[in-house]
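Here is the structure we will look at, set down as structure tokens.
The values are calculated or read from the model by the stated rules, or taken from the named source; none is laboratory data. Everything quoted here is computed from the prediction, not taken from an experiment. Note that each Cβ is placed from the backbone with ideal geometry, even for glycine, and that neighbours are counted across all protein chains shown. These area figures cover heavy atoms from the full protein model, side chains too; ligands, DNA and RNA do not enter into them. Shrake-Rupley method; radii C 1.70, N 1.55, O 1.52, S 1.80 Å.
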Amino acid sequence: MIRNLSTIINLKLLSLALAMSIGILNVSLAGDGADIDLTVDLDRPLHSVSPLLYGLFFEDINFAADGGLYAEQVQNRSFEFDEALFGWEITRDAGCRVEVTDIEPLNTVNIHYLSLSIANKNDVLIKNSGFGGIVTQKGLSFNFSFYARANNTFLGNISVNLVDRNGDNIGSVQIGKKLSANWERYTGTITAEADENLAGLVLLVNGIGNLEFDMISLFPSNTWRSQDNGLRADLVQMLYDLKPGFFRFPGGCVVEGYDLTNSYNWKNSIGNISARKVNWNRWRSWNRPPQYYQSLGLGFYEYFRLSEDIGAEPLPIINCGMACQYETGQLVPLDQLDPYVQDALDLIEFANGPADSTWGAKRAEAGHPEPFNLKYIGVGNEQWGEEYFKRYDIFYKAIKSAYPDMNIISTSGPSSDGKWYDLAWNKFKSGTPADLVDEHYYRSPGWFLQNDNRYDSYDRTGPKVFAGEYAAHGNGKRNTLYTAITEAAFMTGLERNSDIVEMAAYAPLMAKDGFTQWTPDLIFFDNTRVFGTPSYYVQKLFSECKGTEYLSSKIDDKQTLIAKPAGKVGLSTWRTAAEFKDVKVVSSGKELISSPAASHWHAGPGKWSFGNNSYIQADSSVDGAVCFVGDAGWENYTLTLKAKKISGQEGFIICFRRDNNDDGLQWNIGGWGNTRHAVQAVDGGSSSVLTERDGSVDSDKWYNVKIELNGENVKCFLDGNLIHDLDIPVRVSKRLYASCTRDSENGIVYIKAVNPTAEPLNLKVNLRGSIKLASQASVVLFTADDREMENSLEMPQNVYPESFTFDGVSDNFEYPLKPYSLTVIKARER
């Protein structure tokens, strides 16, 4: 297994390959390129590793709840969707009247139900095919239930049937009991007689008269731990296998809601499932999936029970009186906030109160008399600004007054930097109290490689950090080996700083194939299958091997890769049509390009036309229309042009210092709904803000744009006014990321080594201290032949960890690291 140094390719070729792999073409080398040394002091733990470090964030996005984790097979079971019969097919003759009505409903929460008036004694079939089909297996039983009532005029029979894709019965049960004149719940069990992936549930009515149905429900008997109102077992198993330290729920943006009427109220999600108020899902406004609703059958009681089942600390997030600021941004006036605060206090009592308390009794009634021992609660999802902190302060004081030991989580806004992030942390530094601060970042793979040291300099006397949502967003936002490896590199920094970073969670957690609004995600599934993405296995390995204490270690790499501040230029828009003209690039008095012809440009997305020194992008609906011109080696130049917004939501974007992978920098003029100007770094299709200020542009007005580049310095002018002046350091890239931890209880040392480069590396491990390790160690290798490889429903283990033994551990040993790999060496103490 050990490779000789001579097998490692020429270092200049290696550096070029690495530079190309991470989007850096202009690279200078420092050092002589020797192998990489990792020195570990086994006697010197620097701090404890948080036992909660790696956990889960669940949100009902991508049909993760209804149609996914929640095992209910019937869609629109209580007829509360906007399209009242969505998901239902009703076959009847002309003598049968069918309507959804609300006269004397089952309850006052979900008021609609199905009404039939049958004049002729013919079969009426009421069919629901679930979420893309109901899955049956021969011999598998299903528990059905429905509420019904009928007046004395109804004479006939009702049967409950499973049917295959052709409509043939594959299981049937007759309802022997006569329907009552009042609402009554009817239950039973039906056993499938065949395997079928596209089955349906059919209520067959044969009779004459009037009858009504509501809450038609079907659950497979093989739910997780055979629980009533249960969860899909294979999906829960995927969560259990991650060994999560915590479980955050129910979101996410669904907590905030599109507006305040749509926000999540936990009290609507407990108790009798027929009386849990159905709510439309805020994520239907994102790419507008048809009829996306939350039945809330998977509610707060089920979330707490699931947390307990998978061994995770429950972490509920509550609405703080603010709707989603990306949508309506509605605010509850401060003098009307008391009910929201009381909801938070009642939630804690529901989780922790004695069984004879008001809300503890509701928990006991649900089947859990013992407290859930809640320790953490989050106030708001990712709100920002002064209005948030006015409300947060009220919640903090009320919760701490009633529950002094409760850990309260605040938020630093929706991004890892920028003015809202700065405002939040300035608040905490100047006295705003918080036990943890929730940080979110969806960034490029390069950002994760560059930010493993993000928390090295955080103040250890302030609140701890909850990295509540993160994921590497590469080209196409795909879950590739490479994005997972860059996340692993970043996670070594989380472990190094686990004295300040208490919890972290990848997001989103789940996505249903064919019902997905957001990628990437940790777990994908359909009605029969499930697979973990490469990121899933990175999370699993880190969780399994986090240890209890972080060991002092040092990386010594003689080679460094340094990019040059250079690159081509480009024009871009975001959901906006715009015109550009008089494009010039001048360096040291020489025009590199002046009013280039159409043939000089490389056009990407958008509807581009070129002529008469003018460049028009005419499609105001496209995200990220762009075209480029020039050379990736251009440096120290001044770019000038004129730009005019024609129509659309935003302004225009000027690209510069862009490499041949189109990564680099851009000036976003009138971005974020035409509210801000910002210089951004672009990597792997994702952008991050480097500096920003308020600003907008008018339509049909020409603006003079100038960008001056001098080494690392960037100056941006609009109509002669200096808007930004900043130094943007070139990227210095690492070849190795490592974390060394020890499980002091079981006597195991974990060495995690991440190689994000295109070439193999030879790792030289030097162990120091009195603790001695056995020569034979377990090794887990996570890599693949191609960094763009993914897993799929058809190939769920295309990228999968490989385990084997290594019999070569000593005080000084060598180990080969494959390209684009995570290697975990698990060595026992002698």
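Between the alpha-carbon centers of segment 735-763 and segment 183-218, tell me the distance in whole angstrom.
When both Cα centres are located, 56 Å separates them.
With +1 on each Lys and Arg Cβ and -1 on each Asp and Glu Cβ, and nothing else charged, work out how big the dipole of segment 620-677 is about its Cα centre, in Debye to the nearest 20. Numbers along the way, then the final one.
Working: 6 positive and 7 negative charges, 81 e Å.
So the dipole magnitude of segment 620-677 works out to roughly 380 debye.
What base-10 log of the normalised intensity I(q)/I(0) is obtained for segment 295-339 from the Debye formula, alpha carbons as equal point scatterers, at q = 0.16, 0.25, 0.26 Å⁻¹?
The Cα Debye sum returns log10 ratios of -0.66, -0.87, -0.89.
Ratio of Rg to Rh for segment 262-355, alpha carbon only, Kirkwood?
Rg divided by Rh gives 0.99.
Taking R0 as 41 Å, what's the FRET efficiency between N166 and A275 from their Cβ-Cβ distance, rounded to 0.05?
After rounding, the FRET efficiency stands at 0.65.
For segment 332-397, divide the Cα radius of gyration by the Kirkwood radius and give the resulting Rg/Rh value with two decimals.
Ratio value, two decimals: 1.08.
For every other residue with a beta carbon closer than 12 angstrom to the beta carbon of E193, add +1 if it is Lys or Arg and -1 if Asp or Glu, then tell me the sum. Present the calculation step by step, with values, prior to reporting the outcome.
Numbers: positive: K138; negative: D164, D168, D195, E196.
Summing Lys and Arg as +1 and Asp and Glu as -1 gives -3.
Take K581 and N612, extend 7 Å from each Cα along the Cα→Cβ direction, and tell me the distance between the two endpoints in nm.
Here the modelled spin labels are 0.7 nm apart.
Under 21 Å from the Cα of K644, which lysines turn up, not counting those fewer than eight places away in the same chain?
Correct list for K644: K581, K584, K607, K701, K706, K715.
Could you estimate the translational diffusion coefficient of segment 461-602 from the Stokes-Einstein equation, with Rh from the Kirkwood formula over C-alpha pairs, at 10 °C and 1.306 mPa s, in whole µm²/s?
Numbers: Rh = 19.9 Å.
The estimated diffusion coefficient comes to 80 µm²/s.
One quarter of the convex hull surface, Cα atoms only: what value does that give for segment 52-105 in nm²?
Over every viewing direction, the Cα hull of segment 52-105 projects on average to 6.5 nm².
Can I get the semi-axes of segment 780-830's equivalent ellipsoid? Compute them from the C-alpha gyration tensor as square roots of 5 times the eigenvalues, in angstrom, largest first. Could you put the intermediate results ahead of the total?
On the way: eigenvalues 155, 31, 8 Å².
Taking √(5λ) for each Cα gyration eigenvalue gives 28, 13, 6 Å.
Over segment 61-217, what is the relative contact order in percent, taking alpha-carbon pairs closer than 8 angstrom and at least six residues apart?
Taking the mean separation of contacting Cα pairs over the length of segment 61-217, I get 32 percent.
What is the set of long-range amide H partners of A625 at a cut-off below 5 Å, with H atoms built 1.01 Å from backbone N?
T573, R575
Once fully extended, how much extra length lies between N721 and R185, figured as 0.36 nm per residue of separation less the alpha-carbon to alpha-carbon distance? Write out the running numbers ahead of the final one.
On the way: separation 536, 0.36 × 536 = 192.96 nm, distance 7.19 nm.
In short, 185.8 nm is gained.
If R₀ is 56 angstrom, what is the calculated FRET efficiency for the pair S696 and K178, using the beta carbon separation as r and rounding to 0.05?
With R0 = 56 Å, the Cβ-Cβ based efficiency is 0.20.
Along segment 160-165, what does the Karplus equation 6.51 cos²θ - 1.76 cosθ + 1.60 (θ = phi - 60°) give for ³J(HN,Hα), rounded to whole Hz, x for Gly and Pro?
After applying 6.51 cos²θ - 1.76 cosθ + 1.60, I find 10, 9, 9, 10, 7, 5 Hz.
Above 18 Å lies some portion of the pair distances; for segment 493-574, what is it as a whole percent of all C-alpha pairs? Present the calculation step by step, with values, prior to reporting the outcome.
Numbers: 2223 of 3321 pairs.
Distances greater than 18 Å cover 67 percent of the Cα pairs.
Using the alpha carbons of segment 481-526, what is the convex hull volume per residue in cubic angstrom, as a whole number?
In segment 481-526, the Cα hull volume divided by residue count equals 76 Å³.
Need the list of lysines near K826 for cross-linking: C-alpha distance under 25 angstrom, and skip anything on the same chain fewer than eight residues off.
Of all the lysines, those that pass the test against K826 - Cα under 25 Å, at least 8 places apart if same chain - are K243, K540, K546, K554, K734, K752, K764, K772, K818.
With labels modelled as points extended 7 Å from the Cα through the Cβ direction, what inter-label distance (nm, one decimal) is found for H602 paired with N798?
2.6
Relative contact order (percent) for the chain, with alpha-carbon contacts under 8 angstrom and 6 or more residues of separation?
14
Once you sort the root eigenvalues of the Cα gyration tensor of segment 94-138 as a ≥ b ≥ c, which label holds: rounded (a/c under 1.5), prolate (a/b larger than b/c) or oblate (the other case)?
Values: a/c = 3.08, a/b = 1.19, b/c = 2.58.
Taking the square roots of the gyration eigenvalues as a ≥ b ≥ c, segment 94-138 is oblate.
How long are the three semi-axes of the equivalent ellipsoid for segment 746-786, computed from the Cα gyration tensor as the root of 5 times each eigenvalue, in whole Å, largest first?
In descending order the semi-axes read 25, 13, 8 Å.
Give me the 1.4 Å probe accessible area per residue for segment 434-482, excluding ligands and nucleic acids, in Å².
Values: 1470 Å² over 49 residues.
Accessible area per residue, segment 434-482: 30 Å².
For segment 518-623, what does the alpha-carbon gyration tensor say about shape, rounded, prolate or oblate, given a ≥ b ≥ c as the root eigenvalues, a/c under 1.5 as rounded, and a/b over b/c as prolate? Provide the component values of the computation, followed by the final result.
Details: a/c = 4.64, a/b = 1.65, b/c = 2.81.
It is oblate, given that a/c is not under 1.5 and a/b is not larger than b/c.
Roughly how many Å² is the accessible area per residue of segment 62-120, as a whole number, for a 1.4 Å probe?
Roughly 40 Å² per residue, with all protein chains present.
Might you report the magnitude of the Cβ-based charge dipole of the chain about its Cα centre, with Lys and Arg at +1 and Asp and Glu at -1, to the nearest 20 debye?
820
Using a Förster distance of 45 Å, how high is the FRET efficiency between D37 and R529, based on the Cβ-Cβ distance and rounded to 0.05?
Rounded to the nearest 0.05, the efficiency is 0.55.
If you wrap segment 308-444's Cα atoms in a convex hull and average its projection over all directions, what's the area in nm²?
Value for segment 308-444: 10.0 nm².
What is the spread of the Cα atoms of segment 619-720 along each of their three principal axes, largest first, in whole Å?
Extents along the principal axes: 34, 30, 24 Å.
Determine by what factor the alpha-carbon radius of gyration of segment 426-542 differs from 2.2 N^0.38 Å, reporting the quotient.
So segment 426-542 has a normalised radius of gyration of 1.16.
Rounded to a whole number, what % of the accessible area of segment 112-187 do carbon and sulfur atoms account for, probe 1.4 Å?
42
Please list, in chain and number order, the residues 5+ apart from D526 or on another chain whose amide H is under 5 Å from its amide H, with Hs placed from the backbone.
D513
Ratio of segment 675-778's C-alpha Rg to 2.2 N^0.38 Å, to two decimals?
Expressed relative to 2.2 N^0.38 Å, the Cα Rg reads 1.90.
Sort the chain into rounded, prolate or oblate with this rule: let a ≥ b ≥ c be the square roots of the eigenvalues of the Cα gyration tensor; rounded if a/c is under 1.5, and if a/c is not under 1.5, prolate when a/b is larger than b/c, oblate otherwise.
It is prolate, given that a/c is not under 1.5 and a/b is the larger ratio.
Tell me, what % of the accessible area of segment 370-464 is carbon and sulfur with a 1.4 angstrom probe? Mind showing how you got there, number by number?
Values: 1750 of 3670 Å².
The nonpolar share, carbon plus sulfur, comes to 48 percent.
Enumerate the residues in segment 357-386 having an amide nitrogen under 19 Å from the point lying 7 Å beyond the Cα of Q342 toward its Cβ.
Under 19 Å, as judged by backbone N against the label point of Q342, lie 357-363 of segment 357-386.
What percentages make up the Cα-Cα pair-distance distribution of segment 49-166 when the bins are 5 Å wide from 0?
Here the calculated profile for segment 49-166 is 2, 8, 15, 19, 18, 14, 9, 5, 3, 2, 2, 1, 1, 0, 0.
For segment 591-637, what Kirkwood radius comes out of the mean inverse Cα-Cα distance, in Å? Intermediate values should be presented prior to the final figure.
Details: mean 1/r = 0.0838 Å⁻¹.
Evaluated over segment 591-637, this radius sits at 11.9 Å.
So for the pair A402, A194, with labels modelled 7 Å out along Cα→Cβ, what separation do we get in nm?
5.6
When averaged across all projection directions, what area in nm² does the alpha-carbon convex hull of segment 562-698 cover? Spell out each step's value before the answer.
Numbers: hull surface 31.9 nm².
Orientation-averaged projected area of the Cα hull: 8.0 nm².
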